[in-house]
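A quick write-up on the structure given underneath.
Every number in this text was worked out from the coordinates using simple rules, so none of it is lab data. Keep in mind that this is a model prediction, so the values were computed, not measured. All Cβ positions, even for glycine, are placed from backbone atoms using ideal geometry, and neighbour counts span all protein chains on display.
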Amino acid sequence: MSQDVTRIVVFDTTLRDGEQAPGFSMDVAAKLQMARALDALGVDIIEAGFPIASPADSEGTRQVAAAVTRPVIAALARCRPQDIEEAGRALEPAKRRRIHTFLATSDLHLERKLRITREACLDAIVSAVRLARQYTDDVEFSAEDATRSDRDFLCRVVEAAIREGATTINLPDTVGYTVPDEIREFFSEIRRRVPNADKAIFSTHCHDDLGLAVANSIAACEGGVRQIECTINGIGERAGNASLEEIVMALRVRPDRFPFDTGIVSEHLFEASQLLSRLTDEPVQSNKAIVGRNAFAHEAGIHQDGMLKDARTYEIMRPKDVGQSAEQLILGRHSGRHAVARRAEQLGLALTPDEIAEVYHAVITMGEHRKSIGDNDLRRMVERVRTGHTTPA
Ligand SMILES: [Zn+2]
């Protein structure tokens, strides 16, 4: 890898933004288990919860803060004293703590939701960052709905937050509205216009309403962002957040395009994805990139033949690099002879060319009625062919 690779900080919000999505809530024990998996995965920051939201949220944050000591533990707080005090209390056991305070800055949110003026918004941000700094030196400020905020006002907000001691400035695409070129220019412009911009790390937090969260997060890095907020399996409000596993592997597979890397141990990605699915009882979409059941599965005969000759013909990364099992040649209606022979061989059943032809025929026929064909099905077929009963079950 070349010398000029920039390290991107991975801020995981599976336990906060992800957990607050319908169907994904986790109790304290589940949060702890997930936090340990995120630690093993190598994330830099774990956002453990929104302590003012409920006693369970506060307790979950506290227990994660006490149990997981390598990453920074972050807690969310609105720009209100009670929120920040509660976040500070919940983070007490943490070895390294961050208070993440936020307020919307778009006129739409200020006028229609919060019913406050821009000046009142600015005052609340200044007071909140100042108060948060009394609990920790590591303070993040987020301008909710930043990508739809007035640029001049947003520049004033960012400058003030940094002046008060915010060390990370997160500018979320809260509603998943932006596109890659736009967010790249957005961050370049804000960083160019804010006089003290060099005193903070800029962060992106993208939602996937248009399926662009990962592309937007990477484009934001090209605009000078050094922290990405993301979640395992892309879970989160509505269509979800940027998916951690997709960002990590896009950067790793295309270093020729993206001079960025993360500290993630990619071999643990599949395990973390599966754990989250079990804890929340929500399946992972089978064709989900990187961690889906089919992400490395091949059924079409032409693809299976290519895979057996050289896996690079149909794979841009190795399944084992993300913790998935190697060579998943699925037997079914679309399979090829080579895959049938290879699977039989793996089961200890060396077939003659004539047997291969017959077993292959049986696989194709069974595949008409069945979604997939397992090892036991294949064993039975071989037995039938060898005993002369060639009619498939
Ligand atoms: Zn969000």
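Express in whole angstrom the spacing between the alpha-carbon centres of the stretch 293-311 and the stretch 251-276.
The two parts, judged by their Cα centres, are 22 Å apart.
Stick to the Cα atoms of the stretch 297-387, pair each with every other, and give me the Kirkwood hydrodynamic radius in Å at one decimal.
Working: mean 1/r = 0.0744 Å⁻¹.
So the Kirkwood estimate lands at 13.4 Å.
Could you work out how far apart the two model spin labels at Gln33 and Ser54 are, taking each label as a point 7 Å from the Cα in the direction of the beta carbon, and quote it in nm?
Simple spin-label model gives 1.8 nm for this pair.
Taking the Cα centre of the stretch 6-280 as origin and charging only Cβ (+1 Lys, Arg; -1 Asp, Glu), how large is the dipole, in debye to the nearest 20?
Numbers: 34 positive and 43 negative charges, 114 e Å.
Using only the charged Cβ atoms, the result is roughly 540 debye.
Assuming 0.36 nm per residue, please report the length gained on full extension of the stretch Ala67 to Thr117 beyond their Cα-Cα distance. Write down the numbers at each step before the final one.
Working: separation 50, 0.36 × 50 = 18.00 nm, distance 4.15 nm.
Computed gain between Ala67 and Thr117 is 13.9 nm.
I'd like the orientation of helix 28-41 relative to the chain: the angle between its Cα long axis and the longest Cα principal axis, in ° from 0 to 90, rounded to 10.
Between the helix axis and the principal axis of the chain, the angle is about 80 degrees.
Test of understanding: what is the full-extension gain from Thr387 to His361, defined as 0.36 nm times their sequence separation minus their Cα-Cα distance?
7.8 nm
May I ask you to evaluate 6.51 cos²θ - 1.76 cosθ + 1.60, the Karplus curve with θ = phi - 60°, for each residue of the stretch 224-239 and list the ³J(HN,Hα) values in order in whole Hz, giving x for glycine and proline?
Coupling constants for the stretch 224-239: x, 6, 10, 9, 10, 9, 7, 9, 5, 6, x, 6, x, 3, 6, 7 Hz.
Under 19 Å between alpha carbons, and skipping anything fewer than 8 positions from Lys113 in its own chain: which aspartates and glutamates qualify?
Excluding near neighbours in sequence, the set is Asp83, Asp123, Glu144, Asp145, Asp150, Asp173, Glu237.
Along the Cα→Cβ direction, 7 angstrom out, place labels at Glu189 and Asp152. What is the inter-label distance in nm?
Here the modelled spin labels are 1.3 nm apart.
Out of the DSSP beta bridges found with both residues in the chain, what percent are antiparallel (nearest 5)?
5 percent
Name the long-range amide H neighbours of Ser25: under 5 Å, sequence gap of 5 or more, or other chain; modelled H, no Pro or chain starts.
Those lying under 5 Å, H to H, from Ser25: there are none.
What is the order of Ile116, Ile302, fewest Cβ neighbours within 10 Å to most?
With the sparsest Cβ surroundings first, the list reads Ile302, Ile116.
From the phi of every residue in the stretch 44-58, what ³J(HN,Hα) in whole Hz does the Karplus formula 6.51 cos²θ - 1.76 cosθ + 1.60 yield, where θ is phi - 60° and glycine or proline is x?
7, 9, 10, 7, 8, x, 10, x, 6, 5, 6, x, 5, 5, 5
At q = 0.12 Å⁻¹, what is the base-10 log of I(q)/I(0) for the chain according to the Debye formula with one equal point scatterer per Cα and no solvent? Please give it to two decimals.
-0.90
Taking H placed 1.01 Å from N in the peptide plane, check which residues at least 5 places from Ile373 or on another chain put their amide H under 5 Å from its amide H.
Hits under the 5 Å cutoff: Leu331.
Treating the angle as unsigned and between 0 and 90°, give the value, to the nearest 10°, between the Cα long axis of helix 375-387 and the longest Cα principal axis of the chain.
Its long axis makes an angle of about 10 degrees.
Run lengths n ≥ 4 of DSSP H only: what is the helix-derived mean residue ellipticity at 222 nm for the chain, with -39500 (n - 2.57) per run over all residues, to the nearest 500?
Rounded to the nearest 500, it is -12500 deg cm²/dmol.
On full extension of the chain, what length is gained from Thr313 through Arg130, given 0.36 nm per residue of separation minus the C-alpha to C-alpha distance? Working shown, then result.
Numbers: separation 183, 0.36 × 183 = 65.88 nm, distance 5.59 nm.
Contour length minus the Cα-Cα distance gives 60.3 nm.
If R0 is 25 Å, what FRET efficiency do you get for Asp281 and His369 from their C-beta distance, rounded to 0.05?
With a Förster radius of 25 Å, E is 0.25.
Nearest 10 degrees is fine. How inclined is helix 244-253 to the longest principal axis of the chain, computing both from alpha carbons?
Orientation of helix 244-253: about 70 degrees from the principal axis.
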